[in-house]
Amino acid sequence: MEPQVSPAPFRTDATGAALPAPAAAEPRDLGFGAKVASESRQRLLNRDGTFNVEREGLTPFASLSLYHFLLTVSWPRFLAFVSAGFLLVNALFAAAYTTLGPGALGGVTATSVGERFVKGFFFSIQTLATIGYGAVHPASMAANLVVTIEVLVGLMGLALATGLVFARFSRPTAKILFSDSALIAPYHGGTAFMFRIVNGRSNQLIEVTAQVSLSRRRAGSRREFDQLALERDRVTFFPLSWTVVHPITPESPLWGMTEEDLLAADAEFFILLKGLDETFSQEVHARSSYKAEELVWGARFVNVFHLDREDGRLGIDITRISEIEREAVEAES
């Protein structure tokens, strides 16, 4: 027989009038949507901070933002892209000079098409760079028109390239190094979920905040999200490493869960970090995640600090951020 449940008493104001019942708390959603959260079998957030979601339905040109791509791509790829564009533009103008015939450029003694293309290619480079050696020069009206167009393209291209390089240098980004694994480690007589981070650049970050959320499957395939309470969710200064700790207390979603439970629930821990870049006085972000199989149970992080320096200064060995040592952990119940 079902147990009888007494109705909750009405809330009243100072006059005794009934107040509406409080709205039920809605399930927490990190923005992935119920469909993705329920059906996705892959990790939702990659270790490098990119989302493991594929968008379809847009044409490549509709979804492509060349400016955004050139701002966010790595420096080697950016330089390779600019260099390829520079060579392509000069090749196009060299083809135009070659098409105009042998008399288009003065000072060119080449007779074959290939030799004239090479001469036109280097003449195009000199024109775009406004070098003007004078050995080769336009000798016809058509060639002068092509030179006019090329000079305009060169001025616009230089302005765009300069703006992009300036924007890339002035755009602050965070380079937070995360430990390779997160730990379930002994902590003040109990256990805690923890991971370690360190600033990978020489710049200073201040007012750094951390937010950790847990994603797990419950009630079949339904995925739920819980925000984990941290021992400390903010540090004013971040010159050293920071071990972010979530104590596993009876109020924690991890209370009583074993390694097998987290694996069966397809658990994933999402990390979002925000801080103020002192150099640019702008906010920067970093994010990453740990899957259940990337947790190490029964271990603690080794000490990364150097306290025996001759000058008395505090030192830190960043290369040891992921080093751990084993230690037994008792399961919470």
*Which of (1) under 39 Å from the mean Cα position of the chain (by Cα); (2) in a helix (DSSP H, G or I) does LEU177 not meet, given it meets every other one?*
(2)
*Would you pick out the residues in region 232-249 that are touching a residue at least 24 places away in the same chain (Cβ under 8 Å), assigned to a loop (DSSP other than H, G, I, E, B) and not aliphatic (A, V, I, L, M)?*
ASP233, PHE238, PRO239, THR249
*Residue count, region 198-230 (criterion: buried (at least 18 other Cβ atoms within 10 Å of the Cβ), more than 17 Å from ALA286 (Cβ to Cβ) and free of Cβ contacts under 8 Å to residues at least 60 places away in the same chain)*: 3
*Would you check which residues across region 162-172 are in contact (Cβ under 8 Å) with a residue 24 or more places away in the chain and either loosely packed, with under 15 Cβ neighbours inside 10 Å or not aliphatic (A, V, I, L, M) (or both) and list them?*
ALA167, ARG168, SER170, ARG171, PRO172
*asked:* For region 83-140, which positions are of a type in the set (D, E, K, R) and either part of a strand (DSSP E or B) or buried (at least 16 other Cβ atoms within 10 Å of the Cβ) (or both)?
replied: ARG116, LYS119
*Name the residue, out of GLU268, GLU332, that is modelled with pLDDT under 90 and surrounded by 13 or more Cβ atoms within 10 Å (Cβ to Cβ).*
GLU332
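The values are calculated or read from the model by the stated rules, or taken from the named source; none is laboratory data. This structure is a prediction, so every number in the text was calculated from the model and none was measured. Neighbour counts run over all protein chains shown; Cβ positions are idealised from the backbone, glycine included.
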